[in-house]
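Working notes, beginning with the structure itself.
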Amino acid sequence: MIHGTVALPHGITARPAGRGDKDFLAKMFKDNRDDLRMADAETDYIETVIEMQLDAQMGGYGKQFPNALYLILEKNGSRIGRITLDIQPVELRLVDLDFIKKAQGKGFGSSILLWLMKAAAQTKTPLLVPARRDDFAMGRFLMQYGFVEDPSMSDDVFARMSWMPTADEMAGIADIKPRAAVAGTV
């Protein structure tokens, strides 16, 4: 369990989410659903679907990942995103990482991914990340960092991407950095 704040790259800090963050999380989720807003449907219907997805996400993560850590990402005292991690004895799983629009495209996600890769190397566990199959950019991005698809954990919607640290990375004698994936599909 994380108590207090944790320093991340780019001057970002992470702290446990609290009740006071619920409105922020709901607003960020709704603001980042441009994919649904482009659908050919009535605005009220789209907003209802977004509300249903938000409810499912908030309730679903708890059931699917009962030991997950829900963290708020802050920079200079302002909330800029969230990260949900499921830390198991045999794996580290990035369940969700999202930023407000103003914080997107600044390299924060890449630096947090590298930070998680270092944590996986230190704990000698694989890092698992879900990638939506229709998000080709995310799949390519993860493969550039050395992630490969684990077909045994994938389904029609998500490719479950995994990264395994090398022996040198686990021993701390090799830097964690992007490397080509040896195999895999998205």
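The values are calculated or read from the model by the stated rules, or taken from the named source; none is laboratory data. All values reported here derive from a predicted model rather than from experimental measurement. Please note: Cβ atoms are built from the backbone with ideal geometry, for glycine as well, and neighbour counts cover all protein chains shown.
Can you give me the number of residues within segment 6-38 that are in contact (Cβ under 8 Å) with a residue 40 or more places away in the chain, of a type outside the set (Gly, Ala, Ser) and assigned to a helix (DSSP H, G or I)?
Going through segment 6-38 one residue at a time, the tally reaches 8.
Quick one: Ile112 ticks every box in (1) over 16 Å from the mean Cα position of the chain (by Cα); (2) assigned to a helix (DSSP H, G or I); (3) among the β-branched types (Val, Ile, Thr) except a single one, so which number is it?
(1)
Would you please name the residue that is surrounded by the fewest Cβ atoms within 10 Å (Cβ to Cβ), looking only at residues in segment 120-154 that are under 18 Å from Met170 (Cα atoms) and in contact with a Leu (Cβ under 6 Å, 6 or more places away or on another chain)?
Thr125
Could you list all residues from segment 117-150 that are out of contact with any strand residue (DSSP E or B) (no Cβ under 7 Å at 6 or more places or on another chain), among the hydrophobic types (A, V, I, L, M, F, W, C) and more than 23 Å from Gln104 (Cβ to Cβ)?
Ala121
May I ask you to list the residues in segment 8-57 that are under 23 Å from Leu73 (Cβ atoms), exposed (fewer than 10 other Cβ atoms within 10 Å of the Cβ) and at pLDDT below 80?
Once the filter is applied, which keeps residues that are under 23 Å from Leu73 (Cβ atoms), exposed (fewer than 10 other Cβ atoms within 10 Å of the Cβ) and at pLDDT below 80, segment 8-57 yields only Asp34.
Taking Leu73, is it under 17 Å from Val6 (Cβ atoms), surrounded by 17 or more Cβ atoms within 10 Å (Cβ to Cβ) and without any contact (Cβ under 8 Å) to a residue 60 or more places away in the chain?
no
Being assigned to a loop (DSSP other than H, G, I, E, B), touching a Lys or Arg at 6+ places or on another chain (Cβ under 9 Å) and of a type in the set (D, E, K, R) is true for just one of Asp134, Asp156. Which residue is that?
The unique qualifying residue is Asp156.
Looking at segment 99-112, I want the residues that are touching a residue at least 60 places away in the same chain (Cβ under 8 Å) and have a partner that is in a helix (DSSP H, G or I) and hydrophobic (A, V, I, L, M, F, W, C) with Cβ atoms under 6 Å, at least 6 apart or on another chain. Which pairs are those?
Ile100/Met28
What is the number of the single condition among (1) in contact with a Pro (Cβ under 9 Å, 6 or more places away or on another chain); (2) within 26 Å of Asp23 (Cα to Cα); (3) assigned by TED's automatic domain parsing to the domain that holds Pro66 that Glu91 does not meet?
Checking Glu91 against (1) in contact with a Pro (Cβ under 9 Å, 6 or more places away or on another chain); (2) within 26 Å of Asp23 (Cα to Cα); (3) assigned by TED's automatic domain parsing to the domain that holds Pro66, the one that fails is (2).
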